[in-house]
Amino acid sequence: FKFITWVYKKNLMEFSIISEMFEKMEKTTKRIELTDILVELLKKTPKKIIPIVVYLLQGIIRPNFEGVELGIAEKLAIRAISKSVGLSIKKIEDDYKKGGDLGITASNMLKLKTQTTFTEQKITVERVYETLFKIAKLEGKGSQDLKMKYISSLLNDATPLEAKFVLKILLGTLRLGVAENTVMDALAIAFTGKKENKMQIENAYNVSSDLGKVSLIVATDGIDEIKKFKISMFSPIRPMLADRIQSEEDAIKKMPELFAAEYKLDGERVQIHKLANKIILFSRRLENITEYYPDIVENVEKSLNVDEGVFEAEIVPINENSGEFLPFQELMHRRRKYKLEKAVSEYPITVNFFDVLYFDKKDCLNLKYSERRKILEKLVNEDNFSKLVPMLLVKNENEIEDFLENSINSGCEGLMLKILDAPYRAGARGSNWLKLKREYRNELGDSLDLIVIGGYFGRGRRTGLYGTLLLGTYNPENDNFHSVCKVGTGFTDESLDQLYQILSNKVTLKKNSRIVSEMEADVWFEPELVLEIVASEITLSPIHNTGLNLIRKGSGFALRFPKFTGKIRYEKAVEDASTDEEVLTLYKRQSKFSQMKWTFMLEKYDIN
Ligand code: AMP
């Protein structure tokens with residue numbers, strides 16, 4: 001009773017409410033049902049903590065761009081469960097190996113415990129959230145033990161169902177199947193009564209990338225406030241994306257009479273926020289990457305003619321002597337923290353500006369491309385480090401072709417074609433921007449972006465490293481990963497070493513339940529890393545799961561002679577990796593052009 005009055009006074013929310021709703025959500029995949037449950041949950045939630053609930057729904061505790069990560073290792077979680085329930089680590093590991101889900105294991109173990117303990121204080125959403133937050137902020141010596149204490153103290157007071165979800169959030173394995181879109185539908189229905197208002201909510205989300213912040217405004221101030229939502233510095237804008245086209249002819253069909261062609265540089269996209277001398281850099285996935293590029297922070301302050309602004313650019317490594325663009329993978333060196341200083345001096349870069357989204361309190365998103373480009377040209381002082389992406393106005397196939405040749409000759413991937421009158425559509429893929437890459441032009445196939453799911457220890461020079469990796473595609477329908485090939489070529493000593501460092505932190509005790517593969521592996525990984533792969537052919541395969549049964553019953557697709565191109569696609573989330581559907585398309589295309597298939601990629605990466 002005491003607890004209930006305390007909850008009431010403080011307007012707190014019991015965590016059991018959330019857990020029950022999460023449990024219901026896990027049981028359905030229907031979007032309408034999910035939306036209904038969400039609406040009910042949002043209506044029950046005290047307004048103040050709406051953002052917390054919105055973050056937890058996505059399995060995060062702050063918007064992604066803030067980089068607040070829980071990153072709890074399974075081993076630590078197992079120790080915490082053991083401490084809390086007084087059972088041996090072995091017993092917990094055994095249960096986990098049987099079921100494959102540590103959340104469920106925690107729940108099972110707590111069920112055993114409730115028979116022996118009697119005191120139980122209810123936990124609240126606020127308490128869970130605060131504890132998660134504290135855990136995320138802990139670092140350095142002794143932090144592991146403290147984290148474990150925090151977790152086990154939560155588990156001491158949790159019911160089995162609550163424990164299941166606390167664990168899933170901690171481990172990053174919560175999969176409620178609620179996409180951001182569904183959350184926005186539910187926000188619109190719960191707080192404005194009209195699903196159509198989602199559009200305004202989405203606009204606000206697209207310019208802030210913070211659904212928690214947006215949800216609080218909708219819940220407390222209503223849709224009119226959301227309509228006034230503005231870009232704010234250091235809150236990244238979701239990037240505009242381009243459609244693919246295959247040829248110059250396609251371009252002419254899809255574009256107006258006159259349009260802009262820009263070099264499509266092969267580097268890393270960056271969104272630069274500058275306010276006086278404070279500069280923050282966001283990647284295409286909107287992660288804060290400022291620490292990897294101290295040289296950008298230093299140089300860009302001088303080259304941007306503006307006090308306050310948001311810009312987009314492509315970071316490209318260069319050969320300082322010749323000024324030539326170098327391959328994208330040279331940027332990998334920047335990801336090694338302890339060697340950063342060396343990387344900055346040995347692997348110089350240029351920053352190539354292609355858009356301006358905001359400056360001196362003016363939102364530029366609704367300006368036409370042609371106007372934004374004019375502003376950009378005024379604001380960027382070009383020097384050896386900062387440049388404008390080369391642009392030309394074009395109107396026919398010949399002009400495109402010429403410019404494309406120039407672009408390829410200077411080491412670029414192709415062209416971006418942009419409609420002069422089009423605004424910047426944050427967070428949207430569409431035909432206002434078209435990408436024309438040389439590979440598509442000749443219909444010779446494409447590279448694939450595949451997810452590392454498993455590994456095999458190497459021999460000889462590769463002893464102690466992962467000599468071969470098991471890779472998979474993403475399957476958006478079921479939100480899981482299908483194995484498609486093993487790759488053991490294309491690695492340099494350096495890249496093997498680097499991959500080992502990255503992957504050894506992602507090893508799991510048991511195959512992640514989202515990985516669908518009949519293959520055995522020496523180790524399984526948390527599916528988080530995307531690699532670019534080329535191959536000679538796509539074949540039907542009885543052992544891989546990508547596209548299973550699509551062409552022939554009992555067969556999936558496999559890549560023949562796959563090879564790592566050297567590109568770790570840091571900027572891609574696993575959900576952006578190649579899908580089963582894309583492999584199917586490539587498979588069909590290759591049968592049509594069987595002689596020509598893949599030739600360009602094979603030459604480019606010297607396979608044969
Ligand atoms: P893709 O990754 O193949 O979908 O191509 C889109 C990417 O091309 C963007 O995310 C940018 O990183 C990159 N890019 C290179 N040059 C440009 C440009 N001139 N305009 C827009 N994006 C560009």
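The values are calculated or read from the model by the stated rules, or taken from the named source; none is laboratory data. What you are looking at is a predicted structure, and each value in this text was computed from that prediction instead of being measured. Positions of Cβ are backbone-derived with ideal geometry, glycine not excepted, and every protein chain shown enters the neighbour counts.
State the number of residues belonging to segment 282-310 that are within 16 Å of the ligand (Cβ to nearest atom) and of a type in the set (S, T, Y).
Number satisfying all stated conditions: 3.
Just name the residue that is farthest from the ligand (Cβ to nearest atom) out of those in segment 350-384 that are assigned to a strand (DSSP E or B), free of Cβ contacts under 8 Å to residues at least 60 places away in the same chain and within 28 Å of the chain's Cα centre (by Cα). For segment 350-384, the residue satisfying everything is F359.
Residues in segment 257-267 that are within 7 Å of the ligand (Cβ to nearest atom) and not in a loop (DSSP other than H, G, I, E, B): E262, Y263, K264. For segment 529-552, taking the residues that are at pLDDT below 90 and either in contact with a His (Cβ under 9 Å, 6 or more places away or on another chain) or not β-branched (V, I, T) (or both), the one that is nearest to G488 (Cα to Cα) is identified as A535.
Scanning segment 200-237 for residues that are under 13 Å from I50 (Cβ atoms) and assigned to a helix (DSSP H, G or I) gives I201, L211, G212, K213, V214, S215, L216, I217, V218, A219, T220, D221. Might you let me know whether segment 270-281 holds any residue that is at pLDDT 95 or above, within 13 Å of the ligand (Cβ to nearest atom) and not in a strand (DSSP E or B)? The answer is no, given that none of the residues of segment 270-281 is at pLDDT 95 or above, within 13 Å of the ligand (Cβ to nearest atom) and not in a strand (DSSP E or B). Being modelled with pLDDT of 85 or more, part of a strand (DSSP E or B), within 13 Å of the ligand (Cβ to nearest atom) and crowded, with 23+ Cβ neighbours inside 10 Å, is that true of even one residue in segment 453-467? For segment 453-467, residues modelled with pLDDT of 85 or more, part of a strand (DSSP E or B), within 13 Å of the ligand (Cβ to nearest atom) and crowded, with 23+ Cβ neighbours inside 10 Å: absent. Evaluate segment 161-180: report whether one residue or more is free of Cβ contacts under 8 Å to residues at least 12 places away in the same chain and of a type outside the set (F, W, Y). Within segment 161-180 (the criterion being free of Cβ contacts under 8 Å to residues at least 12 places away in the same chain and of a type outside the set (F, W, Y)), the answer is yes, since at least one residue qualifies.
For segment 410-427, check the following and say yes or no: at least one residue is touching a Gly at 6+ places or on another chain (Cβ under 8 Å) and modelled with pLDDT under 95. The answer is no; no qualifying residue exists. All told, E249 falls short of being crowded, with 19+ Cβ neighbours inside 10 Å and either touching a residue at least 60 places away in the same chain (Cβ under 8 Å) or more than 27 Å from W433 (Cβ to Cβ) (or both).
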